[in-house]
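The values are calculated or read from the model by the stated rules, or taken from the named source; none is laboratory data. Computed from a predicted model, the values in this text were never measured in an experiment. Ideal geometry is used to build each Cβ from the backbone, glycine not excepted, and the neighbour counts take in all protein chains shown. Just so you know, the surface numbers come from the protein's heavy atoms only, side chains and all, with ligands and any DNA or RNA stripped out. Shrake-Rupley method; radii C 1.70, N 1.55, O 1.52, S 1.80 Å.
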Amino acid sequence: MTLATTTRPAELMAALYRLTGDEKHAPAALSTLDVLWVLYDRILRVDPARPDDPDRDRFLLSKGHGPAAYYAVLATKGFFPADWLDDLAGPGSRLGHHPDRNLVPGVEISAGSLGHGLGLGVGTALGLRAQGRTAPHVYVLVGDAELDEGSNHEAIAYAGATGLASLTAIVIDNRSATHGWPGGIAARFAVNGWTTAEVDGRDHDDIARGLLTRSPDRPHVVVARVEPKFS
Amino acid sequence: MRETFIDTTTALLDDDPRTAVVLADISVDGFAPAVRRHPDRVVNVGIREQLMLGVAGGLALTGLRPYVHSYAPFLIDRAYEQIKLDLDHQGVGAVLVSIGGSYDASAEGRTHQSPGDVALIDTLNGGWTVHVPGHPDEAAVLLRTAARHDDPVYARLSGRANADAYPDAGTLRVLRRGARATVVAVGPMLDPVLAATRGLDVTVAYTHTPRPFDAAGLRAIAGDRVVLVEPYLAGTSARLVAAALSDVPHRLLSLGVGRAEVRRYGSPADHDRWHGLDPASLRSRIGGFVNG
């Protein structure tokens with residue numbers, strides 16, 4: 001796995017260390033780090049000064065577990081003050097082990113229970129379209145083990161059948177699904193008509209390429225492979 | 001009342017650009033004209049109730065007002081976690097509109113029945129309004145009113161109806177006055193209660209909106225004996241009566257659908273009898289309580 005185009009800014013890493021202290025980062029937190037950075041640094045049309053802009057892109061973190069990387073990216077990009085990072089899940093903290101959209105600017109959905117983000121993402125994409133807002137794109141990040149939840153497959157089938165092109169799913173694949181995905185995760189989406197890209201989830205240029213190769217008439221999935229959770 | 005729902009919501013789609021409808025194959029035929037006029041705001045996800053509620057949450061997050069519809073057991077029981085998380089926890093609302101109620105679908109068996117739906121809604125954030133209209137004309141008014149705000153609403157539409165509509169019965173409306181007890185009838189239980197209490201010296205009060213429960217109204221009319229007659233699980237509103245009368249000595253008889261699964265088909269009227277909710281059973285139970 002190449003790290004050739006992986007440059008994590010010192011500011012981002014400082015935010016992450018501030019959040020996690022001396023503890024080792026949970027693998028779940030780190031598995032998303034590079035994808036999240038590429039999204040917020042290169043892809044998403046979002047403005048921390050206007051987090052409620054109706055024409056912003058939407059990023060939905062469905063896999064709400066291990067949100068340290070998410071919080072670090074949001075703080076680095078200025079969605080909330082960095083000193084919020086110092087008291088993770090404390091009694092007065094807005095940052096918990098699962099994010100709450102009602103507590104954290106820039107967080108689009110409250111997540112934690114797995115398998116809710118894709119359905120909310122489908123509804124968000126439909127709601128924007130129904131209001132004539134064609135500019136925003138909706139991104140939903142899920143984990144490969146999270147895909148075990150059947151609710152995801154309701155959303156995958158529906159979005160594919162209706163050609164919901166303003167929706168992109170990003171699957172962080174650290175091979176943590178207990179029974180695996182025979183034939184590969186991308187095939188699970190492709191069979192329902194999604195376009196697919198498989199990328200190195202540590203290679204920033206590759207991640208960006210995968211996100212940008214979508215087609216105008218179908219939903220898109222980017223499977224970002226990172227090191228296995230259990231190895 | 002399903003037709004009332006379809007007609008009212010179709011008109012809302014025409015008049016209010018915020019209105020959206022989310023379906024999971026149930027009642028799709030009725031919305032066919034609306035789909036043609038508003039293809040982006042009438043969404044049929046197929047037989048996918050988790051997605052139906054997730055989509056509703058997403059629509060609400062973008063500022064629309066989703067009406068979400070199926071049989072009560074699929075809309076509420078099956079998708080309960082989506083109601084809890086995709087609406088409540090996100091801090092958004094929707095209008096959930098069920099049909100079937102406790103046992104309108106008596107011949108279909110337990111899978112199509114939801115006597116526990118209002119009790120499940122009661123586990124949520126407390127901001128829910130629950131409508132149990134007793135007449136289609138009430139349902140039309142309530143569904144239109146729900147379009148004007150973003151709070152969570154559950155409308156439980158039954159195939160059973162009272163003879164008269166009382167659209168203003170959002171709080172307890174006294175229909176008959178008496179001295180021995182106050183009988184509170186919810187939604188379609190009104191006509192059976194009126195029949196059962198004919199000649200009894202009791203107050204009969206009616207509401208089509210048990211949530212928020214009209215505690216002040218009950219305090220104003222209740223004596224020391226209260227009978228609650230609800231078309232869903234017996235005792236669902238008992239804690240609210242107890243809270244309303246917490247500083248007043250009183251006795252409460254809670255009538256409604258029993259918890260035991262009867263494992264019989266038959267008609268809704270048969271189930272009324274088996275659950276003691278037909279006029280003859282009600283008269284016996286209320287009479288015994290009043291005179292006991």
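Laid out as a table, the results:
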{"quantity": "Test for B:ASP86: is it under 28 Å from A:GLU149 (Cα atoms), acidic (Asp, Glu), open to solvent by less than 10 Å² (accessible area, probe 1.4 Å) and outside the structural domain of B:ALA234 (by TED's automatic domain parsing)", "calculated": "yes"}
{"quantity": "Members of the stretch B:72-83 found to be out of contact with any Leu (no Cβ under 7 Å at 6 or more places or on another chain) and either open to solvent by less than 30 Å² (accessible area, probe 1.4 Å) or closer than 15 Å to B:ASN44 by Cβ (or both), listed by number", "calculated": "B:ALA72, B:PRO73, B:PHE74"}
{"quantity": "Selection within the stretch B:142-159 - under 12 Å from the mean Cα position of the chain (by Cα) and open to solvent by 60 Å² or more (accessible area, probe 1.4 Å)", "calculated": "B:GLY159"}
{"quantity": "Residue match in the stretch B:216-237 (condition: assigned to a strand (DSSP E or B), open to solvent by 10 Å² or more (accessible area, probe 1.4 Å), among the hydrophobic types (A, V, I, L, M, F, W, C) and in contact (Cβ under 8 Å) with a residue 40 or more places away in the chain)", "calculated": "yes"}
{"quantity": "Residue among B:ALA242, B:ALA260 that is open to solvent by 40 Å² or more (accessible area, probe 1.4 Å), at negative phi and part of a helix (DSSP H, G or I)", "calculated": "B:ALA242"}
{"quantity": "So A:SER110, is it outside any helix (DSSP H, G or I), within 11 Å of chain B (Cβ to nearest Cβ) and among the hydroxyl-bearing types (Ser, Thr, Tyr)", "calculated": "yes"}
{"quantity": "Residues being facing chain B (nearest Cβ under 8 Å) and either more than 24 Å from B:HIS38 (Cα to Cα) or open to solvent by 10 Å² or more (accessible area, probe 1.4 Å) (or both) - total across the stretch A:134-160", "calculated": "5"}
{"quantity": "Selected residue (only one of B:LEU59, B:LEU75, B:LEU87, B:LEU64 is more than 13 Å from every other protein chain (Cβ to nearest Cβ), on the phi < 0 side of the Ramachandran plot and touching a residue at least 24 places away in the same chain (Cβ under 8 Å))", "calculated": "B:LEU75"}
{"quantity": "Residue within the stretch A:172-179 that is within 14 Å of the chain's Cα centre (by Cα) and part of a strand (DSSP E or B) present", "calculated": "yes"}
{"quantity": "Enumerated strands (runs of 3 or more DSSP E) restricted to the stretch B:1-73, each holding at least 1 residues that are within 22 Å of the chain's Cα centre (by Cα)", "calculated": "B:19-23, B:65-71"}
{"quantity": "Residues of the stretch B:89-99 classified as part of a loop (DSSP other than H, G, I, E, B) and open to solvent by 10 Å² or more (accessible area, probe 1.4 Å), total", "calculated": "2"}
{"quantity": "Positions within the stretch B:153-207 being of a type in the set (A, V, I, L, M), outside any loop (DSSP other than H, G, I, E, B), over 30 Å from B:ALA56 (Cβ atoms) and in contact (Cβ under 8 Å) with a residue 40 or more places away in the chain, in sequence order", "calculated": "B:VAL174, B:VAL183, B:VAL184, B:ALA185, B:LEU190, B:VAL193, B:ALA195, B:ALA196"}
{"quantity": "Matching residues, the stretch A:69-89, being farther than 19 Å from A:LEU44 by Cα, touching a Leu at 6+ places or on another chain (Cβ under 9 Å) and in a helix (DSSP H, G or I)", "calculated": "A:TRP84, A:LEU85, A:ASP86, A:ASP87"}
{"quantity": "Residue in the stretch B:49-56 that is under 16 Å from A:ALA155 (Cβ atoms), surrounded by fewer than 20 Cβ atoms within 10 Å (Cβ to Cβ) and either touching a Lys or Arg at 6+ places or on another chain (Cβ under 8 Å) or free of Cβ contacts under 8 Å to residues at least 24 places away in the same chain (or both) present", "calculated": "no"}
{"quantity": "Some residue of the stretch B:19-39 being without any contact (Cβ under 8 Å) to a residue 60 or more places away in the chain, at the interface with chain A (Cβ under 8 Å from one of its Cβ atoms) and open to solvent by 40 Å² or more (accessible area, probe 1.4 Å)", "calculated": "no"}
